[in-house]
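Written out below as structure tokens is the structure these notes cover.
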Amino acid sequence: MASGVTVAIVGVTGAVGQTTLKILEERKFPVKALRVFASERSVGKAITFKGETVRVEKLGPEAFKGVDVALFSAGSAQSREYAPQAVRAGAVVVDKSSAYRMDPAVPLIVPEINAHALRGHQGIVACPNCTTIVTVMPLKPLHDAGRLRRVIATSYQAVSGAGVNGVEELRRQTLQWARGETMTTKYFPQQIAFNVIPHIDKFLDGGYTGEEMKLVNEARKVLEMPDLAISPTTVRVPVFTAHSVAVNAETEVAVGPDRARELFAAFPGLKLWDDPAQNRYRRRTATPCPSRSRDRTTATSVASARISPCPTRSTSGWWVTSFARAPPSRESRSPSS
Ligand SMILES: NC(=O)c1ccc[n+]([C@@H]2O[C@H](COP(=O)([O-])OP(=O)(O)OC[C@H]3O[C@@H](n4cnc5c(N)ncnc54)[C@H](OP(=O)(O)O)[C@@H]3O)[C@@H](O)[C@H]2O)c1
């Protein structure tokens, strides 16, 4: 009998699902059998994995029989409905949606930071929002060295974070502009081509958006600092893949740029491309474009660590990730949460 695990991908036709498939292949994850699921309209569609065709199946009560690991990326509603069914069938669920992230019974994991929180999981493990991951990775070594006191984070988020609809909208509007046509906006709240939109997810009471509060709450949970002061601004930019974040982090003990660079260089999952005198960031992965084309890992790149002039215990930096990669674009679909 073949060795390995039986893996299910729920939301396989989406941006995250397609990227998950590629990563399972690239990393030679020991997949004994693969089951793939999406919405009813995709049932029967052919998905290629390791050169073999796998057909998209319909979700239902029997869907997870025999599945060891179920990777969910079909939106929160689907996770809420089907992840418990997968657990009851004996699978461990890794959920990419926001459905369980803040559930105290569910660990919210960035493996390099809090893998220990996996102990005692009850079948569902949540994955943070993509911008949270980029933000907390370099914060963790800064915190360990100087104890974080306050963080100001401003994101520059690619359209891939909004799924295949987001990628398609930027592509379509760019082509419309190039052809001299009127741009049509179907998915984002405003035109995204040649624009920046400081509005991701819904506006909440207090004026912050859902995306901004995800960053605050999830970073606190992952870093195990429930009272950490975080001031977030999340912005959608006309970049296809890879999110960037400009961060100012104030610590109780000063961490200068040289020490910060050492810490970043030594931390697993971080790549340091900071060498201002050589403009090293330009040649490597510290901007979204090279990040997408060259970096086939999921590492977060850090560039431009510097000391903030005010206050003196602040370290500032620019971090980028190749976390999400462009899926094949597709015409209209409904937004996922
Ligand atoms: N994009 C990112 O970088 C990113 C990062 C972190 C977390 N997430 C989260 O991951 C989830 C998926 O995001 P995405 O960007 O991949 O979205 P997406 O590109 O819009 O894909 C959504 C996927 O869910 C499937 N789906 C939709 N309704 C369904 C239903 N009723 N039953 C079963 N499957 C259904 C879709 O299938 P069809 O093709 O058949 O419609 C598609 O496979 C969301 O919760 C999102 O917040 C996304």
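None of the figures in this text is laboratory data; all of them are computed from the coordinates on show. Here the structure is a predicted model, which means the values were calculated and not measured. Here the Cβ positions follow ideal geometry from the backbone for every residue, glycine too, while neighbour counts run over all protein chains shown.
So the values come out like this:
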quantity: Long-range HN-HN contacts of Thr234 with modeled amide H, under 5 Å; calculated: Ser155
quantity: Ala33 long-range amide H proximity, modeled H, under 5 Å; calculated: Val5, Thr6, Val7
quantity: Extension gain from Glu224 to Phe194, taking 0.36 nm per residue of separation minus the Cα-Cα distance; calculated: 7.0 nm
quantity: Of the GluC sites (Glu not before Pro) in segment 127-209, those whose Cβ has at most 16 other Cβ within 10 Å and which sit in DSSP loop; calculated: Glu181
quantity: Low-density loop cleavage sites - trypsin sites (Lys or Arg not before Pro) in segment 11-57, where at most 15 other Cβ are within 10 Å (DSSP); calculated: Arg27, Lys28, Lys45, Lys50
quantity: For segment 140-182, convex hull volume per residue from C-alpha positions, Å³; calculated: 109 Å³
quantity: Pairwise label distance in nanometres, Asp68 with Thr185, each label 7 Å out on the Cα-Cβ vector; calculated: 4.8 nm
quantity: Partner lysines for Lys50 [C-alpha distance under 19 Å; skip if fewer than 8 residues away on the same chain]; calculated: Lys22, Lys28, Lys32
quantity: Out-of-range pairs (alpha-carbon distance over 31 Å; input Lys65/Lys214; Lys140/Lys202; Lys45/Lys214); calculated: Lys65/Lys214; Lys45/Lys214
